[in-house]
Every structure is written in C-alpha cells, then in structure tokens.
Ligand code: MD3
Ligand code: FE
C-alpha cells in the first residue's frame, strides 16, 4: 500500500497548538477564506484608511491601524479607548463583514468560547520595520471574552509572556492564515511583535495584516 503522504495537502486540516491555558493556535484556519478576507479588507480600508496613531506618550506607532465593527480601538494624546466613530472622519467604522464574524465565532467556538460575539475588529498593518512592543490588552469591558487574531501576509514572530511584564517569554511564528484565540487565564498575558522582517508575500505583498476581534462594548 502507498502511504498517503500528502493527505494534509489534499484536505488541509488546521493543526491545533495549545500555547498556554486558554490560548489556542489554529494553524491555517483562515486559509479557505483568504480571498474573501482580503477583498473585504480593501473595502474597509477605502472607507477608513490605515493611519499611524499617536500614543498617549506622544510616539507615532510604526504599525498602521484601522477598524471595523460597532467600535474601534484608537489612541491619541488623551489615551487609549474604544470609539464608535472613526476620529479621522467622525463617521461610524465600517460594518464588520459577515466573513470576519463567521471566522471569529468559529475559531472561538473551537477554542472553547462558543458564546463569543465580537463587536470590534482592530486591523493592524505591519510594513517591514514595524513592531508592537510588549503590552496587555485591557481596554475591553469584559475580560471573560477572548480575543481572536487572524494573521495574513508576511510571517512574524509573536512574543507571548505572562501576567507580569518580566515573566519569561515564549516565541511563536505566525503565518498567513493562522488564527489564534486568547482567553481564560491567558487573556491578560503580555504579548508583542518584534520588528517585521522584509519580504514579499505572494497574495498580500510587502506587509503583514493582523485582525483582532474583541468584545469591546
Ligand atoms: C494575547 N496584535 O492588536 S495578535 C493587538 O499580531 C496585538 O498584530 C498583535 O497585540 C498582532 O493588540 C498580536 C495576538 C494577540 C492579540 C491579543 C492578545 C495576542 C494576545 C490578548 C491577550 C493575550
Ligand atoms: Fe495586543
């Protein structure tokens, strides 16, 4: 008998990696939706362009951001917050596309959070050289909700620590199509993305895009 060495390629089954208690990485989970996601991202960025926001400390972020959904994450000199309107236009953020919501709910369910219904999606665009320093996500109202993240484009290293900034860090590489869910005990863990290496992704170009789905309101 000939062993079916390429079974994984013929019917790609995303592999599941437990990164920490409550944190699950679903490799390749978004691949079947990649074209839909990228097309929807173009529509969102046309209505709410990517911009480099300013931190409360006055630094311009190297990661460019936009949002979709009922609320969007923003930062300016007054602080971090979720806002129902895009401060650049004064208008509501673009609606969350059905394909985004479906993917986020499905991934959260697979990870053990079947009741998650995100109302905000922060979209990060990394060009080579961009980075996101170690931080916690704590502007959301209810930490019982997980955060779901979807990586597209160039690969990045992802740093995942613990509840204290000084806790030891584990590194994962996140690839095009990977989906990760962070909930339960890992929800408030420190994390970051070191400087994106140069490269060109065949579908996405010279950048990495990351969607993070949140229960913000
Ligand atoms: C772990 N984004 O937008 S996604 C962010 O790749 C953010 O753009 C990174 O951190 C990115 O806030 C990482 C993975 C992620 C998101 C939220 C988390 C990991 C998390 C919340 C708690 C623990
Ligand atoms: Fe974060």
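Just so it is clear, none of the values below were taken in a lab; they were calculated from the coordinates. Every value quoted in this text rests on a predicted model; they were computed, and no experiment measured them.
Below is a table of values for the structure above.
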read-out: Descending Cα extents along the principal axes, the stretch 152-213, whole Å; value: 37, 22, 13
read-out: Degrees between helix 98-110 axis and first principal axis of the chain (Cα, 0 to 90, nearest 10); value: 60 degrees
read-out: For the stretch 19-214: Kirkwood Rh in Å [reciprocal of mean 1/r, alpha carbons]; value: 16.7 Å
read-out: Relative contact order for the stretch 11-119, counting Cα pairs under 8 Å that sit 6 or more residues apart, in percent; value: 19 percent
read-out: The chain - percent relative contact order, Cα under 8 Å, separation 6 or more; value: 25 percent
read-out: Spatial separation of Cα centroids for the stretch 56-124 and the stretch 13-34, in angstrom; value: 21 Å
